[in-house]
Amino acid sequence: MDLLDTLTAKGLRGEVPTREEALAVLATTDDELLDVVAAAGKVRRRWFGRRVKLNYLVNLKSGLCPEDCSYCSQRLGSKAEILKYTWLKPEQAADAARAGVAGGAKRVCLVASGRGPTDRDIDRVTDTMAAIKDADPEVEICVCLGLLSDNQAERLKAAGADAYNHNLNTSENTYGTITKTHTYADRVDTVQKAHGAGLSACSGLIAGMGETDEDLVDVVFALRELGSDSVPVNFLIPFEGTPLAKEWNLTPQRCLRILAMVRFVNPDTEVRIAGGREVHLRSMQPLGLHIANSIFLGDYLTSEGQAGQADLDMIKDAGFEVEGAGEATLPRHRADVAEAAAAAGSCGGSAASACGSGGGCGPCGGHSHGAPVAAPVTEGTDDGPREDLVKVRRRGAGTELAPNA
Ligand code: SF4
């Protein structure tokens, strides 16, 4: 049986491929690309049909972060000319959220820059969630406030949060080259705290930061082991004024291969095309919908996406449908695992029993962190930088202009 037949068969059974099979997906050629998309598409349709979940970002507090994440336009010392503002008032955030929900979003993602929240910040977000749920009790709320201290996840859960986002971003091996002010283990710890408090864990990655294929496979397997219920796949937006401004390493074909690899490793988990969709997939975005079952509607935290209506048109034209508020995102068996893991206060992955050593779930699963590091993937650099496609957000939350939804 060839690679794609094997991956399809495993994905339809909800089984995870081997590391070697995941690496082989990333090594496929452009001639094989449509076959890769078709194989991942079969797995996607098995577990998620033709539904596309829409998520809407509200940046509660923008810029001026004391952390130094190299990829981030809000980092310490960033020269990127992004919007900078402190906490939105609950009514302002609720107004922005309402626009996203009216545009079709099922989940609102409340994000604030910073290392982590103070207890006063948890109070602010509690008030914001109440304002949003007052207007629309059915909306899912995911909160993203950075590293959590003890009991903060429990407070967010009690206040009505459904999920907590904290991305691992890249492999444990390379994390220290991307960020110096906190560690990979810190990130794992926060995902575990969120999960342990009964919040659905949303944790993903950023591709295009100069990582190797092995790094990508490492982080995707680590996310699987962590029991992430949704995996946002970001494609680096190389903002001028950040250390990674020159890292234009992605092509649409490479992005599709990465999405397919993530899907095969997470056959029955929400896979979301996140930041960088328009910049890197460009006219290939509809093919991404055959692999991922979730996207952001409209704009991102500090950059503008395509018009919300263009997102809706793309979904319809490609033969997909927006997931409704009453529809479950995860397949029943997967939701049961997530709920049981949350109730037990542990990781939801298959190697949950081995978690806790070495600072968290990252080292579980037996993959070879000690292996020699391959050269960074430089595929696609002949596309050249596409700075023309990077648009700093100038509308929506924190401005006088209407949100893009
Ligand atoms: S990713 Fe978050 S913690 Fe890191 S610099 Fe950006 S806002 Fe700060």
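Brief remarks on what is shown
- The residues of segment 133-179 that are assigned to a helix (DSSP H, G or I) and open to solvent by 10 Å² or more (accessible area, probe 1.4 Å), listed by number, are K133, D134, A135, E154, R155, K157, A158, G176, T177, I178.
- Filter pass, R98 being in a helix (DSSP H, G or I) and closer than 30 Å to R19 by Cβ: no
- Yes/no for L64 being part of a loop (DSSP other than H, G, I, E, B) and surrounded by fewer than 18 Cβ atoms within 10 Å (Cβ to Cβ): yes
Okay, residues lined up against (1) touching a residue at least 24 places away in the same chain (Cβ under 8 Å); (2) over 27 Å from V220 (Cβ atoms):
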residue	(1), (2)
K89	no, yes
A99	yes, yes
T118	no, yes
I132	yes, yes
L156	yes, no
L168	yes, no
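- Contact map, segment 16-41: first residue touching a residue at least 60 places away in the same chain (Cβ under 8 Å), second residue open to solvent by 20 Å² or more (accessible area, probe 1.4 Å) and basic (K, R), Cβ cut-off under 6 Å, separation 6 or more or different chains; pairs are P17/K10.
- Across segment 88-115, the number of residues qualifying as on the phi < 0 side of the Ramachandran plot and within 16 Å of the ligand (Cβ to nearest atom) comes to 7.
- Residue match in segment 31-48 (condition: of a type in the set (V, I, T) and loosely packed, with under 15 Cβ neighbours inside 10 Å): no
- Output for segment 32-73, where each listed residue is within 19 Å of L297 (Cβ to Cβ) and within 16 Å of the ligand (Cβ to nearest atom): L57, V58, N59, L60, S62
- Enumeration of residues in segment 87-111 that are within 21 Å of the chain's Cα centre (by Cα) and open to solvent by 30 Å² or more (accessible area, probe 1.4 Å): V101
- Segment 180-213 - residue that is surrounded by fewer than 24 Cβ atoms within 10 Å (Cβ to Cβ), of a type in the set (G, A, S) and assigned to a helix (DSSP H, G or I) and, of those, farthest from the ligand (Cβ to nearest atom): G196
- Condition check for L76: within 9 Å of the ligand (Cβ to nearest atom) and among the hydrophobic types (A, V, I, L, M, F, W, C): yes
The values are calculated or read from the model by the stated rules, or taken from the named source; none is laboratory data. Just so it is clear, the structure is predicted and the values come from calculations on it, not from any experiment. Please note: Cβ atoms are built from the backbone with ideal geometry, for glycine as well, and neighbour counts cover all protein chains shown. Heads up: the accessible areas ignore ligands, DNA and RNA and are worked out on the full protein's heavy atoms, side chains in. Shrake-Rupley method; radii C 1.70, N 1.55, O 1.52, S 1.80 Å.
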